[in-house]
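Quick notes on the structure that follows.
The values are calculated or read from the model by the stated rules, or taken from the named source; none is laboratory data. Keep in mind it's a predicted model, so treat the numbers as computed, not measured. Cβ coordinates were reconstructed from backbone atoms using ideal geometry, including for glycine residues, and neighbour counts include every protein chain displayed.
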Amino acid sequence: MAIHPTSWTVDLDARYELLEEAGRGGMGVVYQARDRETGEIVALKILKSDIASDPVAAERFLNEVRLSRKITHKNVTRVYEFTRAGSTAYLSMEYVEGESLRSIVERVGAVNVRKGIQIARQICSALHEAHARGSCTAISSPKT
C-alpha cells in the first residue's frame, strides 16, 4: 500500500513509491520506498520543511552528504542522491533490512556484555573509516 504524505510532490511521486515509514528523527522522516526507475528498494529521507527551506541547514546537510559518499564500509549506509523538488528535499540511500538497536533494547532490555562489545566494535570500525575519509556522518546501525 502506497503512502502519500501531504508534502509529497508530483516529481517525487513519479520516481518513488513509498511503502512504509521506517523511522523519524530530528531531520525528517525516513521511508522504505521503491525506486520506480530501477525497481530497487531504498531508504528515502524526506527533510522537515524548516530544514529544507533554511539555506544554512540545507548546505550543512549537503556537505554531510558529499562527505558520506566517500565512505565505503559494511556498517555505513551508502548514499545515492540528494534532490530538491519544489519545497521538498530528500535523500535516497541504501535500505538496510533489520531491527534497530533501539527496538532491540526496547524488546529485550539491556544487551549482555558480549553483544554490547560486538556492537561497539562495529560502531568503532565504521567511525574509524569515517574519520579516515574526513567524515563521521551517515553511520548506520550495526547489524546484529
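For the reader, a short list of remarks on this structure follows.
- Between Glu20, Glu64, the distinction of being under 28 Å from Ala126 (Cβ atoms), within 17 Å of the chain's Cα centre (by Cα) and at pLDDT 85 or above belongs to Glu20 only.
- For the stretch 105-144, taking the residues that are in a loop (DSSP other than H, G, I, E, B) and at pLDDT 85 or above, the one that is nearest to Arg69 (Cα to Cα) is identified as Val111.
- Only a single criterion out of (1) modelled with pLDDT under 90; (2) under 27 Å from Glu20 (Cα atoms); (3) surrounded by 15 or more Cβ atoms within 10 Å (Cβ to Cβ) is not satisfied by Arg102, namely (3).
- Test: residue in the stretch 72-87 that is under 27 Å from Glu17 (Cα atoms), in contact with a strand residue (DSSP E or B) (Cβ under 8 Å, 6 or more places away or on another chain), of a type outside the set (A, V, I, L, M, F, W, C) and assigned to a helix (DSSP H, G or I): no
- Evaluated against (1) in contact with a helix residue (DSSP H, G or I) (Cβ under 6 Å, 6 or more places away or on another chain); (2) under 30 Å from Arg121 (Cβ atoms), Ala89 falls short on exactly one condition, (2).
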